[in-house]
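Structure first, commentary second.
Any read-out appearing in this document is the output of simple, stated calculations on the displayed coordinates, not a laboratory observation. What you see is a predicted model, and the numbers here were worked out from it, not measured in a lab. Note that we place each Cβ from the backbone using ideal geometry, even for glycine, and neighbour counts take in every protein chain shown.
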Amino acid sequence: MADKKAQLIIEGNAPVELPVLTGTVGPEVIDVRSLTATGRFTFDPGFMSTASCESKITYIDGDKGILLHRGYPIEQLAEKSDYLETCYLLLNGELPSKEEKAQFVSTIKNHTMVHEQLKTFFNGFRRDAHPMAIMCGVVGALSAFYHDSLDIKNPQHREVSAMRLVAKMPTIAAMTYKYSMGQPMMYPRNDLNYAENFLHMMFNTPCEIKPISPVLAKAMDKIFILHADHEQNASTSTVRLAGSSGANPFACIAAGIAALWGPAHGGANEAVLTMLDEIGSVENIDKYVAKAKDKDDPFKLMGFGHRVYKNFDPRAKVMKQTCDEVLAELGINDPQLELAMKLEEIARNDPYFKERNLYPNVDFYSGIILKAIGIPTSMFTVIFALARTVGWISHWKEMLSGPYKIGRPRQLYTGYEQRDLPDDRG
Ligand code: SDX
């Protein structure tokens, strides 16, 4: 609501009054929608100071390291909830009753299979294709199969698409892995829970169906929860922008997957392991920390820093605790974890990182747990995309459930003014 005004005074012009809007918690926003009447735009590359929408789904306080999903702290959801309950909460706004949860789980289970013909899409990729390349293509292709639910103005169609996407992402993710291994793809099983089913489809074969470790399934489910949603990050903003044109949900999620792939965003978890491999040993840490501080060196410490968190990423804390639990349970003494912990200690005591409030983010420890679970590095961002699908779809649904306009930013033009082609042209 607007209970304050801001005044914009530009020399030689009458002051412009702009409403100041306040939310439930968090920073106020200056409503600049009327600014176009003055013939001016705001200018904010990278959207460092821009709120692109109003939302009720997730709240982040970067200074205090707070992350709330529909008001519930991520630490509590990770400890006391499970991924499908968190999906219900993000999609519907409230925790489900026992009956609602049972119905939701049953609906998801009944959408986990993909159309048999979807398998042929995989054959067009080389076996060594990056799984994210396959994921982008196959998820976008889902719109070719579901003509019964593409009317985005129909709430039932939006609901069916949301269920299909949350249900099918683990199946498609596991299919990308099996394709890269040259192994037969595994069908989902309705007698397993969401995380168990994913690990079953990833690591079992028709020759041998091994029971799924409850420790690994619980850790997988927690990783899904920690990656479920994160306000208006780059990939979620991409999904909203694609959705604002009326594109179908499968195309919008494929756009989100593409945006997530970048190493500055969801690709960081894979990049952390690659970086730790490159650093190799504790002796080399100082050299790499110096590289990260060197303005002339493009190297950055992957898994460090965040646009919003200028304190510890609360997900990183839970991830580190889970990492310790999983490695202890499995009796794994992972030298990369030792290296990561030493790197974190050195970086966090270095003035360069302290002055810039650079802390480990969600990606810093997730790769070490995923590796312990047996997930190959190339699949790390695929798992991030799998888990974040519910967040992307929740924002897509929220936007389409109310009045919205197509997203169409303007620019500061610094190119040529009009000029004519030379007369001697025919
Ligand atoms: C995710 O937005 C989200 O919510 C994303 C996410 C989600 O759940 O959706 O949380 C998931 O994407 C986590 C972030 C994963 N990315 C990485 O770990 C890659 C490494 N981090 C950096 O690329 C960077 O920190 C970003 C991209 C995450 C944030 O970049 P910003 O907000 O644009 O900050 P910046 O680049 O302007 O950095 C400010 C300063 C700069 O130095 P100065 O110009 O002030 O001298 O900090 C420096 C940067 O050079 N800096 C780093 C650094 N991160 C920032 N220096 C060395 N190593 C780093 N990792």
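Cross-link partners of Lys101 among aspartates and glutamates, defined as those whose alpha carbon lies under 13 angstrom from its own and excluding same-chain residues fewer than eight positions apart: Asp82, Glu85. Taking the chain as a Gaussian network, Cα atoms linked when under 10 Å apart, which of Ser52, Ser244, Ser97 shows the biggest mean-square fluctuation? Taking springs between Cα atoms under 10 Å, the residue moving most is Ser97.
Ordered by the number of other Cβ atoms lying within 10 Å of each residue's own Cβ, fewest first, Trp392, Trp261 fall into the sequence Trp261, Trp392. Contact order, relative form, for the chain: 20 percent (alpha carbon pairs under 8 Å, 6 or more residues apart, mean separation divided by residue count). When only Cα pairs below 8 angstrom with a gap of at least 6 residues are kept, region 85-219 shows a relative contact order of 21 percent. Based on alpha carbons, the Rg and Dmax found for region 215-343 are 17.2, 53 Å.
In the neighborhood of Leu90, defined by Cβ-to-Cβ distances under 9 Å, what is the net charge if each Lys or Arg adds +1 and each Asp or Glu adds -1? Local charge sum for Leu90: 0.
Between the amide H of Ala6 and those of Leu18, Val20, distances stay under 5 Å, these residues lying 5 or more places away or on another chain, with hydrogens modeled in the peptide plane. The length gained by stretching the chain between Lys153 and Glu28 to full extension, at 0.36 nm per residue less their Cα-Cα distance, is 41.9 nm.
Enclosing the Cα atoms of region 159-283 in their convex hull gives a volume equal to 158 cubic angstrom per residue. Put simply, region 34-193 fits an ellipsoid with semi-axes of 33, 24, 18 Å; these come from the alpha carbon gyration tensor as the roots of five times its eigenvalues, largest first.
Of the residues Ile60, Phe312, Gly182, the one whose Cα sits farthest towards the positive end of the charge dipole of the chain is Gly182 (charges of +1 on Lys and Arg Cβ, -1 on Asp and Glu Cβ, taken about the Cα centre). For the chain, the Cα-based Rg and Dmax, in that order, read 23.3, 79 Å. Here Phe43, Phe304 are placed in order of increasing Cβ neighbour count within 10 Å, fewest first, which gives Phe43, Phe304.
Our Cα-only numbers for region 158-216 put the radius of gyration and Dmax at 12.1, 39 Å.
For Ile66, the amide hydrogen comes within under 5 Å of the amide hydrogens of Asp61, counting only partners 5 or more places away or on other chains and with H modelled in the peptide plane. Give the Kirkwood hydrodynamic radius (Å, one decimal) of region 125-192, defined as one over the mean of 1/r across all pairs of different Cα atoms. About 13.4 Å, per the Kirkwood formula over Cα pairs. Per residue of the chain, the DSSP helices (runs of n ≥ 4 H) give a summed -39500 (n - 2.57) that works out to -15000 deg cm²/dmol at 222 nm. For Lys310, the lysines whose Cα comes closer than 23 Å to its Cα, not counting residues fewer than 8 places off in the same chain, are Lys56, Lys64, Lys291, Lys293, Lys295, Lys300, Lys320, Lys342, Lys354. Taken over region 3-118, the percentage of Cα pairs per 5 Å bin, counting from 0 up to the bin with the maximum distance, is 2, 8, 14, 14, 13, 11, 10, 9, 8, 6, 4, 2, 1, 0.
Measuring r between the beta carbons of Ala37 and Lys405 and using R0 = 25 Å, the FRET efficiency lands at 0.95. Long hydrophobic helices in the chain, taken as whole DSSP H segments with a C-alpha length of 27 Å or more on their own axis and mean Kyte-Doolittle hydropathy at least -0.5: 155-181, 380-400. Hull volume per residue, based on the alpha-carbon atoms of region 240-308 and their convex hull, is 107 Å³.
Its Cα gyration tensor gives region 269-373 an equivalent ellipsoid. The semi-axes, each the square root of 5 times an eigenvalue, are 22, 16, 11 Å from largest down. To the nearest 0.05, what FRET efficiency results for Asn92 and Ser52 with a Förster distance of 25 Å applied to their C-beta separation? After rounding to 0.05, the efficiency reads 0.65. Using the Cβ-Cβ distance between Lys354 and Asp424 with R0 set to 60 Å, the FRET efficiency from 1/(1 + (r/R0)^6) comes to roughly 0.45.
Just so you know, the averaged projected area of the alpha carbon convex hull for region 219-267 sits at 3.7 nm².
Amide hydrogen proximity for Ala51: with H placed 1.01 Å from N in the peptide plane, no residue at 5 or more positions away or on another chain lies under 5 Å.
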